[in-house]
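The values are calculated or read from the model by the stated rules, or taken from the named source; none is laboratory data. None of these values were measured; they are calculated from a predicted model. Using ideal geometry, Cβ is built from the backbone for each residue, glycine included, and neighbour counts are taken over all protein chains shown.
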Amino acid sequence: MSGVKLIMNNYNHINKILKDCPDLDMDINEVKFKKLSSGKTNQSFLVEGDLKKYVLRLNSKKSLNYNIDRKRELEILNSIRNKSIGPKVVYSDDAYSFLITEFIEGTPLLLDNISNQEAQDLNDLIDKYQKIEINIPRFNYLEHLKKYETFISNNSCINSDLSEKLETFYPHLEDFQNQGWEPVLCHHDLSTFNIIKTINGLRIIDWEYSAYGHACFDKEYTRLSKSKDNFFNNLFGILDEMWSLINKI
């Protein structure tokens, strides 16, 4: 498909979505939109009217391959609504094929060059959302990795190096999963582009991998804390490697 035809298809699809959305405070005939470049799993667009800005995310058809639960994500987004943590949901269709949220104006937090104050603010924000109680199941990291492995094996191949890593790591992950840790709300993807510095403090976007997980995950991922062993570093490395393989399929 040519670039021009792809743009027109997106334009027509987005216009139809916006016209059918009852909660947008803008003149649809005057709306402008542009593709956002930071998303790796889905296609996201900045939708801009005279006074309002929104993000329209077209959810990837491979959501299940990434083990993404869109219903759970929406429940989590609604639980943090009005708590100055993340974006407010404007509209989600019943089939979870797209999501419209408010646009959060700001700049990404550079985790490789984070100040002491920014680190404290991020730590406080994580503490804040981890105190929110949601009636969702405890996340199973072992099952998550095995789903990735099965999908990759059925549709591509796992190289010998990764296969060896998994064989070595699975017993440690199983032991970790069977420990009696109390789950808390975890974002599970706190990369630089998902943490936004705004005039009102830090905000976190892109909650699609969020779940009720281990309390150390997000702080280890952002290097706010460091465990004595390499368990979390090994987990993050394997997750990133498997995610990249799925993304190529």
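Kindly state which strands (runs of 3 or more DSSP E) lie completely within the range 89-206 and contain at least 3 residues that are farther than 26 Å from residue 64 by Cα.
Of the strands (runs of 3 or more DSSP E) lying wholly inside the range 89-206, those with at least 3 residues that are farther than 26 Å from residue 64 by Cα span 195-198, 201-204.
Do any residues in the range 67-78 that are among the charged types (D, E, K, R) have Cβ atoms under 6 Å from those of residues that are part of a loop (DSSP other than H, G, I, E, B) and surrounded by 19 or more Cβ atoms within 10 Å (Cβ to Cβ), where the two are at least six apart or on different chains, and which pairs are they?
These pairs meet every condition: 73/207; 73/208.
So, of the residues in the range 79-88 that are of a type outside the set (Val, Ile, Thr) and touching a residue at least 12 places away in the same chain (Cβ under 8 Å), which turns out to be surrounded by the fewest Cβ atoms within 10 Å (Cβ to Cβ)?
Looking at the filtered set, the residue picked out is 83.
Going by the conditions given, is residue 55 farther than 26 Å from residue 243 by Cα, crowded, with 17+ Cβ neighbours inside 10 Å and touching a strand residue (DSSP E or B) at 6+ places or on another chain (Cβ under 9 Å)?
no
Show the residue pairs meeting these rules: Cβ distance below 9 Å; 6+ apart or different chains; first residue within the range 117-130 and closer than 15 Å to residue 207 by Cα; second residue surrounded by fewer than 16 Cβ atoms within 10 Å (Cβ to Cβ) and of a type outside the set (A, V, I, L, M, F, W, C).
Final answer for the pair search is 125/84; 125/201; 129/83.
Considering only residues that are over 29 Å from residue 192 (Cα atoms), part of a loop (DSSP other than H, G, I, E, B) and not aliphatic (A, V, I, L, M), which ones fall in the range 11-45?
Residues satisfying the conditions are 21, 22, 23, 25, 27.
I'd like the full set of residues that are exposed (fewer than 15 other Cβ atoms within 10 Å of the Cβ), at pLDDT below 95 and of a type in the set (A, V, I, L, M, F, W, C), limited to the range 121-175.
157, the sole residue that qualifies.
Does any residue of the range 222-243 turn out to be touching a Lys or Arg at 6+ places or on another chain (Cβ under 7 Å), assigned to a loop (DSSP other than H, G, I, E, B) and more than 21 Å from residue 112 (Cβ to Cβ)?
The answer is no, given that none of the residues of the range 222-243 is touching a Lys or Arg at 6+ places or on another chain (Cβ under 7 Å), assigned to a loop (DSSP other than H, G, I, E, B) and more than 21 Å from residue 112 (Cβ to Cβ).
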